[in-house]
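Here is the structure we will look at.
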Amino acid sequence: MIQINDVHKRYLTSRGESVWALRGISVAIPPKVNVAILGKHGSGKSTLLRLIAGIDRPTRGEILCERRVSWPIGLVTGLQPNLSGRQNTRFIARLQGFSEKEIDKKIEFVIEFCEIGELFEQPFGTYSNGMRARLNFALSVAFEFDVYLVDENLGGGTGPFLEKTRNTIKYLSEHADLIVVTHAENILKTYCEAAVWLHEGRAHWFDSASEAWQEHKKALAA
């Protein structure tokens, strides 16, 4: 269970003004279910995903989770721009507690999966957005988590690589839990059974992702 209790999140602008991304969100996400997070632009979907991942902290409230949760796939964050793909992979694997032998295997997996060739040895800060997304995706699926977080973009890329990412997400949806931020009905129907709809500052739980999508569409039309 991921329990979100009265979570508020405020950001300060460069002018010192307060912007509230979330105001008093409360919802319980049970295990063994793949969940979509829906809402209009600016409703706080990606913010909520970052809070669940532990990348950011609530201004008020709490998120309780005893399960291993991934960082958000599709959000390129946390990788060091001055380190190469190899060095970033090694650093993250060490943080995850792997031995040197295990780290070498993780590096081999990431190299094969992300398909960025010699760029893997170059500083991450020199990558294009597409190459950054590929490395982020490969790193996300190189480690085992109970819950995988996906933020709209299923890993970037086109053609065969895009097909690879979709097949991987499908595999993960059958062997772990997914929480997916999406604006696309086909992604919701393919991967998710239930949904959290963020609307007018509240979080609404739906056992049926299709019913949540209909409510979301009505709100957008209105």
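Structure values in brief
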{"item": "Which numbered condition G39 fails, given (1) at pLDDT below 90; (2) closer than 18 Å to H204 by Cα; (3) of a type outside the set (F, W, Y)", "result": "(1)"}
{"item": "Residues that are farther than 16 Å from T165 by Cβ and surrounded by fewer than 19 Cβ atoms within 10 Å (Cβ to Cβ), drawn from the stretch 97-110", "result": "G97, F98, S99, E100, K101, E102, I103, D104, K105, I107, E108"}
{"item": "Residue match in the stretch 68-86 (condition: more than 21 Å from the chain's Cα centre (by Cα), in a helix (DSSP H, G or I) and not aromatic (F, W, Y))", "result": "yes"}
{"item": "Selection from the stretch 50-67 of residues that are outside any strand (DSSP E or B), over 12 Å from A21 (Cβ atoms) and more than 13 Å from the chain's Cα centre (by Cα)", "result": "R57, E66, R67"}
{"item": "Evaluation of R57 against (1) at pLDDT 90 or above; (2) touching a strand residue (DSSP E or B) at 6+ places or on another chain (Cβ under 7 Å) (one fails), failing number", "result": "(2)"}
{"item": "Unique residue being of a type in the set (D, E, K, R), out of contact with any strand residue (DSSP E or B) (no Cβ under 8 Å at 6 or more places or on another chain) and under 18 Å from R68 (Cα atoms) when the list is E185, E108, E102, E174", "result": "E174"}
{"item": "Members of the stretch 22-43 that are farther than 21 Å from M1 by Cβ and either in contact (Cβ under 8 Å) with a residue 24 or more places away in the chain or in contact with a helix residue (DSSP H, G or I) (Cβ under 9 Å, 6 or more places away or on another chain) (or both)", "result": "R23, G39, K40, S43"}
{"item": "Matching residues in the stretch 4-21 - criterion: being touching a residue at least 40 places away in the same chain (Cβ under 8 Å) and surrounded by 14 or more Cβ atoms within 10 Å (Cβ to Cβ)", "result": "I4, N5, V7, H8, K9"}
{"item": "First in the stretch 154-173 and over 14 Å from C192 (Cα atoms), second anywhere and at pLDDT below 90 and not in a helix (DSSP H, G or I), Cβ under 6 Å, 6 or more apart", "result": "T165/L154; T165/G155"}
{"item": "Residues within the stretch 191-206 that are at pLDDT 90 or above and not in a strand (DSSP E or B), tallied", "result": "3"}
{"item": "Residues within the stretch 144-177 that are at pLDDT 90 or above, in contact with a Leu (Cβ under 7 Å, 6 or more places away or on another chain), assigned to a helix (DSSP H, G or I) and among the hydroxyl-bearing types (S, T, Y), tallied", "result": "0"}
{"item": "Residue check for S43: exposed (fewer than 13 other Cβ atoms within 10 Å of the Cβ) and of a type in the set (S, T, N, Q)", "result": "no"}
{"item": "Residue, surrounded by the most Cβ atoms within 10 Å (Cβ to Cβ), within the stretch 111-139, restricted to residues that are acidic (D, E) and part of a helix (DSSP H, G or I)", "result": "E121"}
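The values are calculated or read from the model by the stated rules, or taken from the named source; none is laboratory data. Here the structure is a predicted model, which is why all the values come from computation and not from measurement. Glycine gets a Cβ as well: all are built from the backbone with ideal geometry, and neighbour counts include every protein chain shown.
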